[in-house]
Amino acid sequence: MNKPVSVALVGGLYGSARAATVDRLLHRRPGAVAIHHAIAAGRVQRVVRDTSGVLDHAEVGNTHDCVTRTVREDLLSQLVQHAADASLLIIDLWDSIEPRPVAEALARTRRLRLTCVHTALDARHMPLDICRGDRLAETGQAATAGDQRHLAEVLARQIEYATSLSLHGGDAEDAELSAAVLGHLAPHTPIVTVPDATGPGLHVHELAERVDPATARLPADRQTGEITTVVWHRLRPLHPGRLFDAMDELVTTTVRSRGRFWLASRHERMLAWDAVAGVISVADAGPWLAALPEAAWDLVSPIRRVAAALGWNPIIGDRVQHLVFTGPDIDRDRICGLLDSCLIDQGDILPGAAAWARYDDPFAPVLNLEESA
């Protein structure tokens, strides 16, 4: 059986930054082939190139209602077609395509071995774009007519899922500011000139665990010039009504926030907090391990079990408040004080989940979990 060919996934909102990264990879690896799909007005154009120039340029028939699904299917077909002759396959993702679903689709093809997930960034624009509340439809980067995602939301996912990052354009001051921002958003991800596509294959479940709320390596408290990251970590449950009332201020006074939290009204469920540029998403992230029978722990990933064990409390188990807020000139005392005021009063802890379940829960319509609450 032929050895799987290495695949480098290069994404990002900025076409010129991606193209520069792809060019560097092509010149570093003789025999490498790059595949790019451009989306415009619901039409998909495929371009395949190497160091000699364009090898193929064609329009891809849209066989699905979902343009991104069409792109993924044609991409996988092209990768398999070129795998026999290429020394490296490079995927040049179109602007707003997020890397995670593509990486997970690649994992189902044995002839391909994903070796890096790289996001190329424009140093002049990234620090501003991560603060913008525009939807992709307003910037001309929506993948489909019904794409309601926000630019900053996609940018954050591209940054945080990547295994390496690069900065392009701008001057030394732009690069310094961008590096400082990335040091807060993705402190464990290296900033490189050329991504390393020669390493061992990546496991997509491990990539997912780097960003999923139960196992994510969240940023630590940090101050870099005017940029601040504040970590709020507590062991008491949150009152659903108080938190709901405080959310607008928490989200609009910071640029990026994420983490996991525990509502008193949803004693058994971990909830995920994900906000960027004033837009927040709250989602159910599954049960806390403490709410599962011990026999079910074998079905949970080892990393999840280790993460829970590190912070295990003999009374509440792995239930925790762990939220991280990043932005310029954050009032640390105000953020922490506001969140502390949302906690269940110390004297209200004793009644337990049966009493807490009677609290009015404004999150119920958002989570659509009224029956399981």
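Every number here is computed from the coordinates shown, using simple stated rules; none is lab data. Just so it is clear, the model here is predicted, and its values are computed rather than measured. Cβ coordinates were reconstructed from backbone atoms using ideal geometry, including for glycine residues, and neighbour counts include every protein chain displayed.
The figures follow:
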item	result
At R0 = 30 Å, FRET efficiency that the Cβ-Cβ distance of residue 233 and residue 73 yields, to 0.05	0.10
From the coordinates shown, Rg/Rh (Cα atoms, Kirkwood Rh) corresponds to which of (1) 1.04; (2) 1.00; (3) 1.20	(2)
Radius 11 Å from Cβ of residue 269, net charge of other residues (Lys, Arg +1; Asp, Glu -1)	+1
Calculated from backbone phi, Karplus (6.51, -1.76, 1.60) coupling profile of the range 127-138 in Hz, x at Gly/Pro	x, 7, 5, 5, 9, 7, x, 5, 7, 4, 4, 7
Projected label distance in nm at residue 298 and residue 128, using a 7 Å step from Cα toward the beta-carbon	5.7
Calculated FRET efficiency for the pair residue 354/residue 252, C-beta based, R₀ 45 Å, to 0.05	0.80
Selected from 251, 54, 231 as most flexible by GNM, with the chain as the system and alpha-carbon contacts under 10 Å	54
Whole-Å distance, taken between Cα centres, linking the range 105-145 and the range 1-78	14
For residue 32, distant residues with modelled amide H under 5 Å away	87, 88
Calculated FRET efficiency for the pair residue 218/residue 179, C-beta based, R₀ 22 Å, to 0.05	0.65
